[in-house]
Each structure stands twice: as structure tokens, then as C-alpha cells.
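Please treat every number below as a calculation from the coordinates, not as lab data. Treat the numbers as computed from the prediction; the structure is a model and nothing was measured. Cβ atoms come from the backbone with ideal geometry, glycine included; neighbour counts cover every protein chain shown.
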């Protein structure tokens with residue numbers, strides 16, 4: 001089964017880098033589920049809530065797609081209700097990475113991508129946000145080089 005982003009790729013567009021949200025960013029959900037599981041060993045109806053919290057964390061991670069293509073940055077959130085944010089690479093002006101102490105220790109953080117004419121794009125809980133930023137910078141550089149190549153300049157005249 002292909003991902004949402006793979007299905008939405010246009011002609012001559014390919015995924016350069018993709019990642020998921022970090023398990024560590026959902027630590028509070030896992031901790032609550034584990035606590036409910038322990039309580040559920042004594043009070044059986046509580047087991048239902050433990051399973052629901054584990055399921056919620058699984059669905060959140062499985063239904064989130066983050067990718068950089070050779071043309072744009074795409075973030076898709078949600079399983080039933082879908083929220084998709086896209087920004088063309090040529091519009092990306094800056095990328096800010098925010099990592100808390102826990103984010104630094106467990107390698108996750110929030111990306112703030114600002115662009116020309118576009119509102120700020122915020123992507124929370126990204127696994128290895130520094131690698132994402134580095135890949136985004138590389139993809140922007142490759143796109144810039146391609147647009148400045150002699151073949152491209154001849155085609156545009």
C-alpha cells in the first residue's frame with residue numbers, strides 16, 4: 001500500500017527524504033497507557049482505556065507522513081480527518097528547529113518553516129529535526145542548481 005504523499009506526486013517529482021514523528025514525543029500517552037494497564041490488572045474495565053491510549057499513539061504515528069520531494073515539503077496528519085500542509089521548495093525562506101531538553105536527549109523537535117507569501121508551517125514532534133532541516137537545505141540547493149543550469153536557461157529563452 002502506497003502512502004498518501006506517494007499517491008500525490010506529480011510527474012517528475014520524487015521523494016528526497018521522509019520521516020515520521022518520534023515515539024518519544026508521545027511519551028505521556030505511552031506512560032498513561034502503561035499506568036492504566038497496571039491498574040487494569042486489578043480493575044479489569046480499566047484495561048479498555050489502556051488499549052485505547054496505546055491505539056491512539058499508534059494511529060497518530062502511523063497516520064503522520066512527513067516528506068521532502070524535489071519540488072515541495074509535505075506534512076500529512078490524521079487518519080479519518082486529514083490535514084495536509086505543503087510548501088514549494090522555492091518558497092521556503094527559513095527553517096527554525098525548536099527542541100526542548102527532552103527533545104535534545106531523545107532527538108525530536110518542532111520545525112517552523114516560513115516562506116514567501118505563505119504562512120508559517122509548524123511541524124511538531126519530528127524525529128531527527130536537524131537531519132530534516134539539512135535534507136531540506138540540500139533539496140533547495142539542488143533545485144536552485146537545476147534552475148540555473150544551461151539546459152534550463154536555453155529552454156526558458
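General observations
- The lone exception for residue 81 - which of (1) closer than 18 Å to residue 3 by Cβ; (2) surrounded by 14 or more Cβ atoms within 10 Å (Cβ to Cβ) it fails: (2)
- Filtering the stretch 129-139 to residues that are over 10 Å from residue 97 (Cα atoms) and either touching a helix residue (DSSP H, G or I) at 6+ places or on another chain (Cβ under 7 Å) or surrounded by 14 or more Cβ atoms within 10 Å (Cβ to Cβ) (or both) leaves 135, 136, 139.
- Applying the condition of being in a helix (DSSP H, G or I) and out of contact with any helix residue (DSSP H, G or I) (no Cβ under 9 Å at 6 or more places or on another chain) to the stretch 1-29 and asking which residue is surrounded by the fewest Cβ atoms within 10 Å (Cβ to Cβ) yields 7.
- Selection within the stretch 30-48 - in contact (Cβ under 8 Å) with a residue 12 or more places away in the chain and crowded, with 16+ Cβ neighbours inside 10 Å: 32, 33, 36, 37
- Number of residues in the stretch 100-130 that are in a strand (DSSP E or B) and more than 18 Å from residue 61 (Cα to Cα) equals 8.
- Taking the criterion of being buried (at least 16 other Cβ atoms within 10 Å of the Cβ) and within 30 Å of residue 6 (Cα to Cα), the residues of the stretch 49-60 that qualify are 53, 54, 57, 60.
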